[in-house]
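So the structure is just underneath, and the comments pick up after that.
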Amino acid sequence: EVVLTQSPVTLSLSPGERATLSCRASQSVGDSLGWYQQKPGQSPRLLIHDVSKRATGIPARFSGSGSGTDFTLTISSVEPEDFALYYCQQRTGWPRSYTFGQGTKLEI
Amino acid sequence: QLQLHESGPGLVKPSETLSLTCTVSGGSINNNSYHWGWIRQSPGKGLEWIGSIYHGGSTYDSPSLKGRLTTSIDTSKNQFSLRLSSMTAADTAVYYCVGLSYYDSSGYYYFDYWGQGTLVTVSS
């Protein structure tokens, strides 16, 4: 089973700063890597798919990068509404299954 | 825009079987561009994928559940369902039904649509 490890656990920033969130896989996941945002009391929403492609309606300040086992979600200038939990997710090809990282909390 | 809504009991006794249903609106559950599934989140914890199903009733499940999971699809009602047997306190969680969208760029599915989640507590 592929294990995703996210760092840091908590990231404390001020609005306007740049946020860099990391996700490391225990083995290569190719380009099957997504990022999700979850605000308190809400369901998660897809931000990034296929490592670097923004989902529909996601602002351009969100970007994804990486390859193989090391991936990054960057928020170029954090807005007040961006303070939330962020999860990375990958898909294993066969047998097909999905795993999530443990999450990074972006806090003010 | 797809909308998903979970329904089912909020309280289950230990050793019993949990049954949840997800009703899909705004689109057909038969659409080949989607898979359907379940994700849970234990209190204060992260996200755990449980299993998925797609048109025709084919399923794939998390190996961690060791055969406890049954998922089914009812195209006449535009619904899919989960049955999780031998419930224990460790299964207490918010259960989300999800719609996975197919992305041509990679051929992968991602969790694009989420229900609002339903809290299931396992307690006698």
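Between B:THR75 and B:LEU11, the contour length at 0.36 nm per residue exceeds the Cα-Cα span by 20.3 nm. As a fraction of the 1.4 Å probe accessible area of chain B, surface on carbon and sulfur atoms comes out at 45 percent. Per residue, the solvent-accessible area of region A:1-88 (1.4 Å probe, heavy atoms of protein chains only, all protein chains present) comes to 44 Å².
In region A:1-68, taking the dipole from charged Cβ atoms about the Cα centre, the farthest positive-side position among A:THR20, A:GLY68, A:GLY41 is held by A:GLY41.
Between chains B and A, what is the buried accessible area summed over both chains (1.4 Å probe, protein heavy atoms, nearest 100 Å²)? Mind showing how you got there, number by number?
On the way: alone 6460 and 5860 Å², together 10380 Å².
By this definition, chains B and A bury close to 1900 Å².
Pick out which of A:TYR87, A:TYR98, A:TYR36 has the largest mean-square fluctuation in a Gaussian network model of chain A, springs linking Cα atoms closer than 10 Å. Residue with maximal mean-square fluctuation among A:TYR87, A:TYR98, A:TYR36: A:TYR98.
Taking the Cα centre of chain A as reference, the dipole from Cβ charges on Lys and Arg (+1) and Asp and Glu (-1) amounts to some 200 debye.
Using a simple charge model, +1 on the beta-carbon of Lys and Arg, -1 on the beta-carbon of Asp and Glu, nothing else, what dipole does the protein assembly as shown show about its Cα centre, in debye to the nearest 20? Before the final figure, lay out each step's value.
On the way: 17 positive and 17 negative charges, 52 e Å.
I would put it at about 260 debye.
Using C-alpha pairs under 8 Å with a sequence gap of at least 6, the mean separation divided by the residue count of region B:1-52 gives a relative contact order of 28 percent. Calculate the FRET efficiency for B:LYS66 and B:GLN3 from the Cβ-Cβ distance with a Förster distance of 25 Å, rounded to the nearest 0.05. Calculated value: 0.20.
Counting only Cβ charges, +1 for Lys and Arg and -1 for Asp and Glu, the dipole size of chain B around its Cα centre is about 280 debye.
Mind running the shape call on chain B? Use the C-alpha gyration tensor, a ≥ b ≥ c as the square roots of the eigenvalues: rounded below 1.5 for a/c, prolate if a/b tops b/c, oblate otherwise. In terms of gyration-tensor shape, prolate. Give me the distance between the Cα centres of region A:1-79 and region B:23-68, rounded to whole Å. After rounding, the separation between the Cα centres reads 22 Å.
Here is the list for region B:1-92: trypsin sites (Lys or Arg not before Pro) lying in DSSP coil, each with at most 10 other C-beta atoms within 10 angstrom of its C-beta, are B:LYS66. Farthest towards the positive end of the charge dipole of the protein assembly as shown, among the residues A:VAL9, B:THR121, B:THR59, is the Cα of B:THR121, using unit charges on the Cβ of Lys, Arg, Asp and Glu.
Provide a list, ordered by number, of residues in region A:18-50 showing at least 10 Å² less accessible area with every protein chain present than when their chain is taken on its own, using a 1.4 Å probe. The answer is A:ASP31, A:SER32, A:TYR36, A:GLN38, A:SER43, A:PRO44, A:LEU46, A:HIS49, A:ASP50 - residues whose exposure falls by at least 10 Å² when every protein chain is included. Around the amide H of A:ILE48, modelled in the peptide plane, lie the amide H atoms of A:TRP35, A:ALA55, all under 5 Å away and 5 or more residues distant in sequence or on another chain. At a probe radius of 1.4 angstrom, the accessible area of chain B per residue rounds to 44 square angstrom. Taking B:ASP104, B:ASP91, B:ASP61 as the candidate residues, the one with maximal mean-square fluctuation in a Gaussian network model of chain B, Cα springs under 10 Å, is B:ASP104.
Considering only B:GLY46, B:SER85, B:TYR103, and ranking their Cα positions along the charge dipole of chain B that arises from unit charges at the beta-carbon of Lys, Arg, Asp and Glu, the one farthest toward the positive end is B:SER85.
The values are calculated or read from the model by the stated rules, or taken from the named source; none is laboratory data. All values derive from a computational prediction rather than experimental measurement. Using ideal geometry, Cβ is built from the backbone for each residue, glycine included, and neighbour counts are taken over all protein chains shown. Side chains are part of the model used for accessible areas, which takes the heavy atoms of the whole protein and leaves out ligands, DNA and RNA. Shrake-Rupley method; radii C 1.70, N 1.55, O 1.52, S 1.80 Å.
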